[in-house]
Amino acid sequence: MKPFPILILLSLSGAALAQTASTKKTTTQLNEVVITADKESPSLTVPSLEARKEQIAQTVPGGAGVVDAEDYKRGRASTLKDALDFAPGVLIQSRFGAEESRLSIRGSGIQRTFHGRGIWLMQDGVPLNLADGGFDMQAIEPLSSNYIEVYRGANALQYGATTLGGAINFISQTGHTASPFQSRFEIGSFNTRRAQISSGFVSGDMDVYASISASQTDGFRDYSEQESLRIFANIGTKLSANLENRFYLTWVDSKSQLPGSLLKTELNANPEIAAPGAQVPLVPGGAGYQRRDYQLFRLANKLTFSDGDNSLALSLFWSWKDLDHPIFQVIDQLSNDIGFDLRYDGHNHLLGLNNGLTVGLGFMYGNTEDNRYANVAGNRGALLAQNRTQSMNLNFYFQDQLHLTDTLSFIFGSSVTYANRDLNEELLFGLNNTDRQEFWGFSPKLGLLWDITPKSQVYFNASRSFEPPSFGELTAIGAGFPSLVSLRPQTATTLEIGTRGEADRIAWDFSYYYAWLDDEMLTLGVPGNATLTTNAGRTIHQGIEFALNADLWRNLTTASAEDYDRLVLRQNFLWNDFRFARDARWGDRMLPGIPPFYYRAELLYEHPCGFYFGPNVEWSPRRFAADLARTTFADPYALLGLKLGYRTKKGVSFFVEVRNLTDETYAPTTGVVQDASIAPTPFNPRPGAVFMPGDGRAFYAGVEFKW
């Protein structure tokens with residue numbers, strides 16, 4: 001473990017170097033002028049990267065930031081973990097090298113390792129979530145994004161998001177930002193192959209971007225093959241100088257084998273095996289050959305009017321989803337979701353002071369035909385349940401920023417949300433589980449934002465969050481005949497204080513938050529159904545989100561004050577303290593499933609010609625429980641990697657990457673259960689099988705062509 005504290009010390013040394021460096025003031029001014037020249041975007045619907053960075057810094061009194069796609073494209077860029085691993089405050093851990101992961105911000109969706117919950121996922125501000133709140137990670141292609149916005153917690157209110165975790169907004173490439181012709185090819189361990197071809201161009205008042213990507217891998221584990229085909233396209237049309245329309249098309253075809261979770265003894269003996277019964281049924285004709293095959297067709301449209309000080313945007317979307325999911329049963333779902341969002345942003349004066357106002361109204365409706373069959377060796381057997389589920393959300397939101405002085409602003413806002421969830425059962429075997437539940441939420445927010453320098457801020461905010469349950473919580477896991485359970489929405493009151501900015505050679509993003517949660521949705525277990533989601537009492541989520549980047553050394557082989565080479569250290573640190581609060585049964589026990597500490601860092605040498613090389617680490621230094629009873633723990637681990645490559649705006653780029661260089665056996669994430677030490681039963685023969693092994697040593701290489 002010794003190398004990791006050294007990396008932290010190197011970062012602090014970088015701070016000292018920054019204070020003693022003799023970089024001239026004129027150099028800083030020249031850099032600012034260059035950046036300013038690129039801020040204005042030629043598209044009204046898709047802001048430029050530089051403009052969004054500046055806008056977030058000036059308007060968000062809390063944890064928020066931007067991930068430049070050019071950063072993660074310097075290595076393997078296949079999954080959301082590849083794209084978001086260095087985003088401050090984001091914890092994302094793959095289940096078995098797959099696209100589906102535990103994606104959590106501030107403990108959102110703490111028991112989900114698949115089909116996410118608790119975060120609002122968007123494409124250019126248009127929701128990707130289904131109407132019940134769940135989202136599919138396969139709906140995103142990281143390679144087709146220009147950059148990614150991450151709004152932690154209530155800082156996502158400006159998009160109408162009210163969940164504890166906040167929002168992640170994937171900003172698309174357009175004909176203005178993409179290369180006229182680009183192709184990328186990746187190969188790697190476990191017979192991994194991935195390819196993308198894209199093009200972007202402008203013709204008169206129209207711009208077009210299209211991307212086609214395909215991937216296939218056998219996976220590190222037995223029975224973990226995955227393959228996908230994705231098409232992403234958008235067409236922007238300038239109807240006038242102040243009016244633009246952008247139309248989006250998405251097609252996803254994703255197929256995944258599910259190798260299942262292992263006992264700890266199995267993990268340590270051979271992490272490559274599949275769980276018994278995940279592939280070959282434990283009994284002839286029983287459940288087996290478990291998979292998650294998924295198709296998505298999505299159309300969206302965004303019409304934006306802007307005169308510089310005021311903008312009005314109308315977003316519409318429709319998504320069609322077909323899920324074929326053999327697990328304990330065969331889950332066959334066909335979903336149709338529609339929605340709109342009408343949003344106004346204005347910059348004016350209030351009480352003689354500069355003022356910014358956002359007002360919006362969002363609506364979503366989803367209808368799903370949910371049929372359940374017996375799993376007979378991966379095939380449909382007898383029909384067990386036939387249901388139709390319906391979800392509806394209506395959300396009014398506003399946020400106002402009043403500039404009290406040139407450097408101090410006061411932000412206040414709120415959202416009012418109505419949601420309902422319907423289960424309509426078509427009578428089968430004489431059963432009728434038809435039910436309807438309704439939820440109301442009020443989520444206010446107050447904040448202060450102080451510019452201590454032109455490039456750094458200190459902030460504070462207090463907020464409420466509101467999250468109605470998705471159908472994943474409202475129906476019991478493993479229920480043969482789905483029925484709605486009685487759940488209250490999860491709410492929280494959160495306080496946050498922090499700072500972000502840059503000074504000479506250092507950039508930082510630091511937030512501390514403390515949240516009091518009421519009715520957190522957890523699998524606490526009840527008599528007769530240990531996997532039922534219920535409302536916990538009061539729980540506490542507190543933590544630190546800290547990113548620190550430092551240029552430790554410049555001009556190692558160059559002498560220019562502008563085009564210099566450098567040794568740069570990028571770091572991302574999380575402290576997660578999630579626990580019960582004086583619970584009658586669990587006391588102040590920590591919640592399972594999330595590591596208390598997580599550290600990610602890379603030390604790269606970068607040359608202005610585009611060459612880069614260096615090591616990286618992923619470190620989880622403390623064990624964490626996989627069950628509420630705290631009988632079963634995932635062990636600490638440390639992974640070492642190396643990356644080498646060359647990247648240019650036009651021409652040929654390449655990378656070579658090694659992951660888990662020491663071939664560590666580890667479980668980056670686990671399932672979450674009540675008690676993993678209970679005796680096996682016919683209905684739960686492997687209660688301790690909660691571990692999801694991470695990939696072993698892996699090599700990847702890629703080449704990209706841009707013209």
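Details
- Each Cα pair under 8 Å and six or more residues apart adds its separation to the average, and for region 48-152 the resulting relative contact order is 31 percent.
- Most positive-pole-ward Cα, TYR599, GLY133, PHE114, against dipole of region 3-706 from beta carbon charges: TYR599
- Using the Cβ of PHE220 as centre and a radius below 13 Å, the other residues enclosed give a net charge of -3, where K and R count +1 and D and E count -1.
- A Cβ-based charge dipole, computed about the Cα centre of the chain with Lys and Arg at +1 and Asp and Glu at -1, lands at about 1020 debye.
- Less than 5 angstrom separates the built amide H of VAL376 from those of GLY381, all sequence-distant by 5 or more or on a different chain.
- Dipole of region 3-706 [Lys/Arg +1, Asp/Glu -1 at C-beta], most positive-end residue of VAL67, GLY498, VAL617: VAL617
- Least to most buried among HIS541, HIS349, HIS607 (fewest other Cβ within 10 Å first): HIS349, HIS607, HIS541
- Residue exposure proxy: VAL416, VAL485, ordered by other Cβ atoms within 10 angstrom of their Cβ from fewest to most, comes out as VAL416, VAL485.
- Computed P(r) (all Cα pairs; region 208-325; 10 Å bins; percent): 12, 27, 22, 16, 13, 8, 2
- Base-10 log of normalised Debye intensity for region 151-286 (one unit scatterer per alpha-carbon) at q = 0.12, 0.14, 0.20 Å⁻¹: -0.78, -0.92, -1.11
- Computed from Cα atoms, the angle from the helix 3-20 axis to the main principal axis of the chain rounds to 20 degrees.
- CD proxy at 222 nm, helix term only [per DSSP H run n ≥ 4: -39500 (n - 2.57); per residue of the chain; nearest 500]: -2500 deg cm²/dmol
- Relative contact order of region 348-419, pairs being alpha-carbon contacts under 8 Å that are 6 or more residues apart, as %: 33
- Across region 400-407, coupling constants 3J(HN,Hα) worked out from phi with the 6.51/-1.76/1.60 Karplus curve, θ = phi - 60°, read 10, 10, 9, 7, 5, 9, 5, 10 Hz, and Gly and Pro carry x.
- Options HIS349, ALA679, GLN93, ranked by Cα towards positive dipole end of the chain, top entry (Cβ charges): ALA679
- Contact order relative to length of the chain, as percent, for alpha carbon pairs under 8 angstrom and 6 or more apart: 12
- Residue order, fewest to most surrounding Cβ atoms within 10 angstrom, among VAL690, VAL283: VAL283, VAL690
- Rg and Dmax over the alpha-carbon atoms of region 128-168 stand at 11.1, 28 Å.
- In sequence order, calculated HN-Hα J values of region 283-293 (Karplus, 6.51, -1.76, 1.60; Hz; x Gly/Pro): 10, x, x, x, 5, x, 6, 6, 8, 9, 9
- Reciprocal mean inverse distance between Cα atoms of region 3-706 - Kirkwood radius, Å: 26.2
The numbers here are math on the coordinates, done by the rules we state, and not lab data. All figures in this text were calculated on a predicted structure; none of them were measured in a lab. Counting neighbours? That spans all protein chains shown, and the Cβs are built from the backbone with ideal geometry, glycine included.
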